[in-house]
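The values are calculated or read from the model by the stated rules, or taken from the named source; none is laboratory data. The model shown is predicted, which means the values in this text are computed figures rather than measured ones. Glycine also receives a Cβ, built like all others from the backbone with ideal geometry; neighbour counts cover every protein chain displayed. Areas reflect the complete protein model, heavy atoms only, side chains present, ligands, DNA and RNA absent. Shrake-Rupley method; radii C 1.70, N 1.55, O 1.52, S 1.80 Å.
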Amino acid sequence: HETLQRIVDLAVATIPGCDHAGISVMHSGKVGTPAASDGVGLRVDAIHSEVHEGPCLDAIATEGVFEAGDLAAESRWPRFSARTHDETGVTSILAFRLSGRGRTLGSLNLFSKHLDAFGRDAHDVGVLFAVHAAIALQAAQKTETLLAALETRDVIGQAKGILMERQHISDDEAFQVLVRASQRLNMKLSAVASRLADTKTATTG
């Protein structure tokens, strides 16, 4: 988060024409904002989610860079453009797709209150910021995956310990009990283990 926040803050300070900046990601069909230079980026992403259209969504969904130089006259995203211009004063948007290892991670979005604010320099410098943001997002997602794996391992370990204590069985036998329960209940092994661990906590709490 700190790296992403520094990226959007530096984007505003460095990229010609940029008054506000934000990073967008998709979570369960909704747009999330892990970093924004101020409330404008948050509001623009909220509008994206509400109207289901806009340049930042297109940047996430497809390859390329999406730009709008005059939201007041923009016809590609009529619901998004009118609301964003009226509610935030943003007139120009430049959105870069963030990708890594062949998959989309999100978008870096630059906003300006001025008409046709982003020239060639803004595009060139913005690409560098987008690459940096993509690397930071990818690293963050790897960390989240690792933490989730460690948490799953801990829960399974707790569940095995409960079975070993109550049933007087070995570590391997306890694991096989969890596997069979997972198959019979059509649940993930981690979910079965978590339920058992939660039951133990509830009865001893």
**Considering residues of segment 9-24 that are buried (at least 21 other Cβ atoms within 10 Å of the Cβ) and more than 15 Å from the chain's Cα centre (by Cα) only, the residue nearest to I135 (Cα to Cα)** = A11
**Item:** Odd one out for S75 among (1) out of contact with any Leu (no Cβ under 9 Å at 6 or more places or on another chain); (2) not in a loop (DSSP other than H, G, I, E, B)
**Value:** (2)
**Item:** Subset of segment 49-97 that is more than 19 Å from V31 (Cα to Cα), open to solvent by less than 30 Å² (accessible area, probe 1.4 Å) and among the polar types (S, T, N, Q) - its residue that is farthest from the chain's Cα centre (by Cα)
**Value:** T91
**Asked** Out of all the residues in segment 25-42, is one or more crowded, with 16+ Cβ neighbours inside 10 Å, touching an Asp or Glu at 6+ places or on another chain (Cβ under 6 Å), farther than 19 Å from R79 by Cβ and not small (G, A, S)?
**Response** yes
**Message:** Among the residues that make up segment 101-110, is at least one of them modelled with pLDDT of 95 or more, of a type in the set (S, T, N, Q) and either under 15 Å from V131 (Cβ atoms) or part of a strand (DSSP E or B) (or both)?
**Reply:** yes
**Message:** Going through L137, L146, L163 one at a time, which residue ends up being more than 30 Å from L71 (Cα to Cα), of a type in the set (A, V, I, L, M, F, W, C) and modelled with pLDDT of 80 or more?
**Reply:** L163
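Among V127, V90, V131, which is assigned to a helix (DSSP H, G or I) and in contact with a Phe, Trp or Tyr (Cβ under 8 Å, 6 or more places away or on another chain)?
After ruling out the rest, the residue left standing is V127.
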